[in-house]
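Take a look at the structure below.
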Amino acid sequence: MKFFVDTADTAEIKALAASGLVDGVTTNPSLIAKSGRNILEVVAEICAIVPGPVSAEVAATEYEGMMREAAVLRKIASNVCVKLPLTPDGLRACKTLNGEGVMTNVTLCFSAAQALLAAKAGATFISPFVGRLDDIGQDGMELIADIVTIYDNYPNFETEVLVASVRHPIHIVEAAKLGAHVATLPPNVLRMLYAHPLTDKGLAGFLKDWAATGQSIA
Ligand code: G3P
């Protein structure tokens, strides 16, 4: 499973990228707004930190505007992945960009039917928002299961399932069990994956016993 970091905070991205476990980054208009920075500058900085796909989302809602903005975004760096909303115009732009060899991430996916359309449009990634479905009492992971099942039926589909709107480690574990290709994690959730009280307790015990030996490894 590939791990992307879901933020436009370059300090967070730098810190987490040092782990060697970060395979890409996703942003969206809300994350760019939260960064308080110019989208072209912050995406360029992110692309220099992480060599993997960096999703930058168009703001236009019409095909022609999306294509104009995609042309600006893809010039930032070779690892820019153009993010498009799952709308008729967004999928039309996705189809065109796919034909031009541009990485695309189709976002705001909330149904298997939508995911089927995105695969037919040749999206590089599809982003089902599991947390927002959970938030309204639906089962986000059920959507992931449906999408993976459908995509597995068609070997010609090359779209990767990118689990988004992740709220906690269980989303990651369940997505991995289902075979989702990618998860994009808020920085705090990525850090949660490491944590277990028995690991902390066990390490403390090892260090206490080691100290008692008076030895050092040198
Ligand atoms: O990548 C999509 C993600 O940023 C949305 O997360 O928490 O706003 O549902 P959230």
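The values are calculated or read from the model by the stated rules, or taken from the named source; none is laboratory data. All values derive from a computational prediction rather than experimental measurement. Here the Cβ is made from the backbone with ideal geometry for all residues, glycine too, and neighbour counts use every protein chain on show. What goes into the accessible areas is simple: the full protein's heavy atoms, side chains included, and nothing from ligands, DNA or RNA. Shrake-Rupley method; radii C 1.70, N 1.55, O 1.52, S 1.80 Å.
Annotations for the structure displayed:
- The long axis of helix 197-213 is offset from the longest Cα principal axis of the chain by roughly 30 degrees.
- On full extension, the segment bounded by I217 and S111 gains 32.6 nm, given 0.36 nm per residue less the C-alpha separation.
- Helix 39-49 axis, angle to the chain major axis (alpha carbon atoms, nearest 10°): 50 degrees
- Computed over protein heavy atoms with a 1.4 angstrom probe, the accessible surface ordering of M66, M141, M1, M103, largest first, is M1, M103, M141, M66.
- A crude spin-label estimate for the pair A176 and E62, with each label 7 Å from Cα along the Cβ direction, gives 4.6 nm.
- In terms of its C-alpha gyration tensor, the chain has a prolate overall shape, because the principal axis ratio a/c (a ≥ b ≥ c, square roots of the eigenvalues) is not below 1.5 and a/b outweighs b/c.
- Chain lengthening between K34 and N153 when straightened (0.36 nm per residue, less Cα-Cα): 38.9 nm
- Taking 30 Å as the straight-line reach from the Cα of K83, the lysines in range (excluding those fewer than 8 positions away in the same chain) are K2, K14, K34, K75, K95, K120, K177.
- At R0 = 22 Å, FRET efficiency that the Cβ-Cβ distance of A44 and E100 yields, to 0.05: 0.60
- Under the criterion of Cα pairs below 8 Å and six or more residues apart, the relative contact order for the chain equals 17 percent.
- With a Förster radius of 30 Å applied to the C-beta separation of I136 and S19, the computed FRET efficiency comes to 0.35.
- Net +/- balance of residues flanking T61 in space, Cβ distance below 11 Å, scoring K and R +1, D and E -1: -4
- Selection of GluC sites (Glu not before Pro), region 128-192, meeting DSSP coil and at most 13 other Cβ within 10 Å: E158
- Fully extended contour minus Cα-Cα distance, from W210 to R92, at 0.36 nm per residue: 36.2 nm
- Each residue of region 116-133 was assigned a 3J(HN,Hα) from its phi angle through the Karplus curve 6.51 cos²θ - 1.76 cosθ + 1.60 (θ = phi - 60°); the sequence is 5, 4, 5, 5, 5, 7, x, 4, 5, 10, 10, 10, x, 8, 5, x, 6, 6 Hz, with glycine and proline shown as x.
- Label point 7 Å beyond Cα of L198 along Cβ direction - residues of region 139-179 with amide nitrogen under 19 Å: 169-170, 173-174
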